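The values are calculated or read from the model by the stated rules, or taken from the named source; none is laboratory data. In this text, all values refer to a predicted model and were calculated from it rather than measured experimentally. Here Cβ is always computed from backbone atoms with ideal geometry, including for glycine, and neighbour counts include all displayed protein chains. SASA here: full protein model, heavy atoms, side chains in, ligands and nucleic acids out. Shrake-Rupley method; radii C 1.70, N 1.55, O 1.52, S 1.80 Å.
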Amino acid sequence: MNNRIQIFDTTLRDGEQVPGCGLSKNEKITIAKALEELGVDVIEAGFPISSPGDFKSVEAVSKEVKDVTVCALSRAVEKDIEVAAEAVKYAKRPRIHTGIGTSDQHVFTKIKTTREDILVRAEGCVKYAKKFVEDVEFYAEDAGRTDNEFLAKVIQVAVNAGATVVNIPDTTGYCLPEEYGKKIKFLCDNVIGIENVAISTHCHNDLGLATANSVEAIKNGARQVECTINGIGERAGNTSLEEVVMILKKHNWLNYQTGIDSTKIYPISQLVSSTMNMPVQPNKAIVGSNAFAHSSGIHQDGVIKNRDNYEIIAPEEVGVNESSIILTARSGRAALNFRMGKIGVQLSKDELESVYEKFLEVADRVSVVNDAELKNLVSQYLITNTNF
């Protein structure tokens, strides 16, 4: 089986649906170009039927990027599909992403129809999209809560109609990893011809399981992961691109590869955060401000002696300059001595003891001891010729 995992980025579509995170056409182009440099395989540029502005943005992205597939979302509605096709017509590699809800919840209470009608519509939207582009991705919305037997019937119809990718969204973030993995495996085992198309994941993070579900799906046959920078997206967000990519990179024994240049992860994280006015939580995996920061004395001592003691990712692997030793009341002598060295002060053992006692007094008054306060400590309690 092909172990190359396609990275489908939906920051510009699902990510932009976060309240207050709307992007202008030029902002979408800027992020799209950064995504291209990052090495994503597919950029879902937007939902063209939703507004004239989004149509123009998708069209502009289609013209600007050359080395990635540009995808436009649509519902299983002919007008949607026509507008999506028009928006991506300038793309070197255009894709239409169309589909319909498949869970009983969606079929009977949202769409208010029958399972039989869903099968007809699924076939129809794929066939219609194929009139405009060769690359058609079909999504079964709320697949996570869809009965596996019926889901297999829907996916079979889509495959037979010519879909090149079938998307199995856990739209509400409900599934447990084992459950979602088994769902992917069930489709692999029960849909004829599915080996000729790519199975895609699209997981939401309502229960904090989006990344785990995506990885479990890969292990069971999925070969495309739909994700966003910083995990932004509807409600609790989507699968985080940086998390999936680095999991596969650090667990290389799994033998999966992506085309992502991981050294560009932190810069694009900052770009998306600032452009979309969406702060990254400090303890966010991979890209949070605390991801490579250490304040506990025990941890600091271990990291100073050997980074591998507490860091499984080297900061430079994801584009961060270096780890941070943060001085607080929980810091030890090793951390203090390390930070003193950073400002050009070399302490003897006795000097370190003297300064450390005073340091703790300062640290109990402030949350973080900065370089200016360190220099003040040296000037007050040490006789030194050090010039700062």
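Couple of notes before you dig in:
- Long-range amide H partners of residue 327 with built H, under 5 Å: 369
- Taking every alpha-carbon pair under 8 Å whose residues sit at least 6 apart, the chain reaches a relative contact order of 13 percent.
- Across the protein chains, with a 1.4 Å probe defining accessible surface, the residues 37, 44, 317 rank 37, 317, 44 from largest area downward.
- Magnitude of the charge dipole, the stretch 258-350, Cβ model with Lys/Arg +1 and Asp/Glu -1, debye to 20: 320
- Phi angles across the stretch 242-253 convert, under the Karplus curve 6.51 cos²θ - 1.76 cosθ + 1.60 with θ = phi - 60°, into 3J(HN,Hα) values of 5, 5, 4, 4, 6, 4, 5, 6, 6, 9, 5, 5 Hz, Gly and Pro given as x.
- Remark on residue 203: its backbone amide H falls under 5 Å from those of 170, 226, 239, a criterion applied only to residues 5 or more positions apart or on other chains, H modelled at 1.01 Å from N.
- For the chain, the longest principal axis of the C-alpha atoms and the axis of helix 177-190 are separated by about 30°.
- Cα gyration tensor category, rounded, prolate or oblate, for the stretch 232-339 with a/c compared to 1.5: oblate
- Sequentially through the stretch 107-116, phi angles give Karplus couplings (6.51, -1.76, 1.60; θ = phi - 60°) of 4, 8, 10, 9, 7, 6, 9, 10, 4, 4 Hz, Gly and Pro residues having no value and appearing as x.
- Evaluated over the Cα positions of the chain, the convex hull gives a direction-averaged projected area, one quarter of its surface, of 21.3 nm².
- The candidates 186, 150, arranged from most to least accessible area with a 1.4 Å probe in the full protein assembly, appear as 186, 150.
- HN-Hα J in Hz across the stretch 152-165 - Karplus 6.51, -1.76, 1.60, θ = phi - 60°, x for Gly and Pro: 4, 5, 5, 5, 4, 4, 5, 4, 4, 7, x, 4, 9, 9
- Here the stretch 74-90 and the stretch 98-169 have alpha carbon centers that stand 17 Å from each other.
- Out-of-range pairs (alpha-carbon distance over 19 Å; input 183/219; 127/185; 66/89): 127/185
- In degrees, nearest ten, helix 265-275 long axis to first principal axis of the chain (Cα): 80
- Value at 222 nm in deg cm²/dmol, rounded to 500, when DSSP H runs of n ≥ 4 in the chain each add -39,500 (n - 2.57): -12500 deg cm²/dmol
- The amide H of residue 139, built 1.01 Å from its N in the peptide plane, has 98, 99, 100, 167 as neighbours under 5 Å, considering only residues 5 or more places off or on other chains.
- 0 to 90° range, to nearest 10: angle between helix 210-219 axis and the chain longest Cα axis: 60
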